[in-house]
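Written below as structure tokens is the structure these notes are about.
None of the figures in this text is laboratory data; all of them are computed from the coordinates on show. A quick note: this is a predicted structure, and the numbers were derived from the prediction, not measured. In this analysis, Cβ positions are derived from the backbone assuming ideal geometry, glycine residues included, and neighbour counts consider all displayed protein chains.
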Amino acid sequence: MKKKISIILIAALVLSGLSIFYFQNSSPAVVQAEVGTETGMEAPDFTLKNMNDKEVSLSDYRGQKVFLNFWASWCPPCREEMPDMQKLHEEYEEEVTILAVNIGETKSTAANFMMQNGLNFPVLLDTDKSTAQNYLVRGIPTSYFLNEDGIITNKVVGAVSYEKMLELNEIE
């Protein structure tokens, strides 16, 4: 009888030890966010040319906060928020990257607008409007605020003030 109890106790201890070892050494499940254009989703990746004709992908900025802004030079609310975007770029470039996606205009139109207004944050050219369509942009400006993992934390249609940019980019 004592021998049976001893065997049962040893078996229980071995099973306990194996369970602890397994749970300590198994990696946690990684949950992948659904790709989409709503808050809580992973922002769809895209590749566009910048003002220097270099291809740039959104995924190049993984690990950084991104302020993704869709705009055009003819848009009054877009023009209204641009000085605040420049201020954000100058003061918080290390904390958040601005990617201003110009929709449907030529490189020279976008470049002239940037130069005339003293703006030097990154501009990407969506000349065929496909990225704007993929992001379901219905009115401009439209801004997406992404965390370091590329997850959309906020979305705003319309001009965004400097104070709101700080808040939505979670800058203290």
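Show me the chymotrypsin sites (Phe, Trp or Tyr not before Pro) within region 47-94 that DSSP assigns to loop and that have at most 14 other Cβ atoms within 10 Å of their Cβ.
74
May I ask which of 54/129; 107/164; 65/129 have a Cα-Cα span longer than 26 Å here?
Check vs 26 Å cut-off fails for 107/164.
By the gyration tensor of its Cα atoms, with a ≥ b ≥ c the square roots of the eigenvalues, what is the shape of region 47-168: rounded for a/c under 1.5, prolate for a/b over b/c, or oblate?
Because its axes are fairly even, with a/c under 1.5, region 47-168 counts as rounded.
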